[in-house]
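First comes the structure, then the notes that go with it.
The values are calculated or read from the model by the stated rules, or taken from the named source; none is laboratory data. Note that the structure is predicted; figures quoted are calculated from it, not measured. Cβ placement follows ideal geometry from the backbone for every residue including glycine, while neighbour counts extend to all protein chains displayed.
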Amino acid sequence: MKTIVRLLCVLLLALAAPAQAEEALTPEKRADIQRLLQVTGAMDVGQIFSRALVQQMTETIKRTRPDIPARFFDLVADEVNKTIAEAMVVQGGFVDQVVPVYHRYFSHEEVRALADFYQTPVGRKAVAVMPDMVQESMAIGQRWGRDLGPQIQQRLRARFKQEGVEL
């Protein structure tokens, strides 16, 4: 029975799959996805990762090798930044791995519309404020979930007790 249910779910998902799944990933669509990545700031992930890695490496080196001259930390930053920047765009790198994800979820027309939107003043504002909004929303979600915990626990205990199960 479970196998039949799984099969039906897979079949329904396949039938409900968006039309863009059948759309070819043309060079034009790839270029538009790359433009979308650029205008949304998704390409900044490399710089963010690089800064974090440089900071972590610098702290570790300073702790373990306090004798190393400060000028060498500029070399660390330079090499880490170059390596990550190259890895973002090299064949098989970050961009090549992310483009197929966008391709699966958005048609070419949708990619163009999104890229156009993110180049408008409102789109640029959305990109600028999104990290702070996500951070604040996650904090709210954590508090909200934590505050709901006792209420859920109380309701479950009452429901289990009603069903004859003591916790």
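A compact table of results
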quantity	calculated
Any hit, region 62-73, residues being modelled with pLDDT of 95 or more, of a type in the set (A, V, I, L, M) and in a loop (DSSP other than H, G, I, E, B)	no
Out of Val89, Val127, Val111, sole residue that is in the same structural domain as Glu28 (by TED's automatic domain parsing) and out of contact with any Leu (no Cβ under 8 Å at 6 or more places or on another chain)	Val89
Of the criteria (1) assigned to a helix (DSSP H, G or I); (2) among the hydrophobic types (A, V, I, L, M, F, W, C); (3) more than 23 Å from Gln38 (Cβ to Cβ), which one Val165 fails	(1)
Boolean, Val45 is touching a residue at least 24 places away in the same chain (Cβ under 8 Å), within 15 Å of Asp116 (Cα to Cα) and under 17 Å from the mean Cα position of the chain (by Cα)	no
Where Glu109 falls short, out of the listed (1) under 25 Å from Lys125 (Cα atoms); (2) within 21 Å of the chain's Cα centre (by Cα); (3) not aliphatic (A, V, I, L, M)	(2)
Residue count for region 74-120, restricted to those that are small (Gly, Ala, Ser), in a loop (DSSP other than H, G, I, E, B) and surrounded by 13 or more Cβ atoms within 10 Å (Cβ to Cβ)	2
